[in-house]
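K.L.:
Below is one structure. I have some questions about it.
The values are calculated or read from the model by the stated rules, or taken from the named source; none is laboratory data. Just so you know, these numbers come straight off a predicted model, no measurement behind them. Here Cβ is always computed from backbone atoms with ideal geometry, including for glycine, and neighbour counts include all displayed protein chains. We work out accessible area using only protein heavy atoms, side chains counted, and drop any ligands, DNA or RNA first. Shrake-Rupley method; radii C 1.70, N 1.55, O 1.52, S 1.80 Å.
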Amino acid sequence: MEFVINGRNLAVSDRFREYATEKIDKIEQLGDKVQRVDAKITKEPSARMADTSLTVELTVLCRGPVVRAEASAGDKFAAFDLAYAKLLERLRRARDRRKVHHGRHTPLAVRVATADLEPADPVQPIYLETPVIAPTSHEPAAETEDVDTYSSPDDVPAGDSPVLIRRKVFSGTPMTLDDAVDNMELVGHDFYLFVDSATGAPSVVYRRQGWTYGVITLDSKCAEGTEEPHEELLAYRAREAATA
């Protein structure tokens, strides 16, 4: 298993690398044939966000869906611990779903399976959704360095325009709507873009209030006028529950 740590607006110390490396064994045990774990530490230079100035993002690439978690704190060790705890919980949920699938048992409803997850705050960004703690610093404070807030190590020239558009391309493997809901919960996002295996159309599933979900599908037939836009109400894992 490969483990990669990158820092943005800060240098990653050897002590932090050793601390993080000691914990990834648990990730390999819970994951489904884990190939790579990426850790990204970002320092926010704004003094107004001193309590959440460091964000740690952990991403697990394995045979199944990508599992991701992130957290922020005033100390990168505390931020890592928070993100690591979230990641382990999502890996456990993914492992439990694999057991249900292979054992052909009736799966839990998504409302029950995700009951312990904290709802997303509709006001603040996801990277700020961390409990308030009193982090213990593991290393002395580093000297403040002059950094360009708007710079990025992977920025590219954009001619005379100050606006950059970053494109990310991912695998478009078709999947069911139920699997898209599961994958969205595993990465901790409020939405998930996928190709619907039932229709072949690009779709996006998103989280609504009250542990319900919505899905938007783009259909070329509607644009051509051969089919009218419509709505329907679906139940999570209804087919599997009916055939169990």
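K.L.:
Can you name the condition, by its number, that His102 falls short on among (1) of a type outside the set (A, V, I, L, M, F, W, C); (2) open to solvent by 60 Å² or more (accessible area, probe 1.4 Å); (3) at pLDDT 70 or above?
P.N.:
(3)
K.L.:
Does Glu89 qualify as being under 19 Å from His189 (Cα atoms), at pLDDT below 80, among the acidic types (Asp, Glu) and open to solvent by 60 Å² or more (accessible area, probe 1.4 Å)?
P.N.:
So Glu89 fails the test.
K.L.:
Among the residues of the stretch 174-224, which ones are farther than 20 Å from Arg93 by Cβ, among the acidic types (Asp, Glu) and assigned to a loop (DSSP other than H, G, I, E, B)?
P.N.:
Listed by number, the list holds a single entry, Asp219.
K.L.:
Note down all Cβ pairs under 6 Å where the first residue falls in the stretch 217-233 and is hydrophobic (A, V, I, L, M, F, W, C), the second is open to solvent by less than 100 Å² (accessible area, probe 1.4 Å) and part of a loop (DSSP other than H, G, I, E, B), and they're at least six residues apart or on different chains.
P.N.:
Matching pairs, first to second residue: Leu218/Ala201.
K.L.:
Could you tell me which of the residues Asp81, Asp75 is charged (D, E, K, R) and free of Cβ contacts under 8 Å to residues at least 12 places away in the same chain?
P.N.:
Testing whether each residue is charged (D, E, K, R) and free of Cβ contacts under 8 Å to residues at least 12 places away in the same chain leaves just Asp81.
K.L.:
Can we say Asp196 is of a type in the set (D, E, K, R), modelled with pLDDT of 85 or more and surrounded by 11 or more Cβ atoms within 10 Å (Cβ to Cβ)?
P.N.:
yes
K.L.:
Next question, about the same structure. Take the residues of the stretch 23-42 that are over 15 Å from Ala83 (Cβ atoms) and open to solvent by 40 Å² or more (accessible area, probe 1.4 Å): which is modelled with the highest pLDDT?
P.N.:
Here the residue is Arg36.
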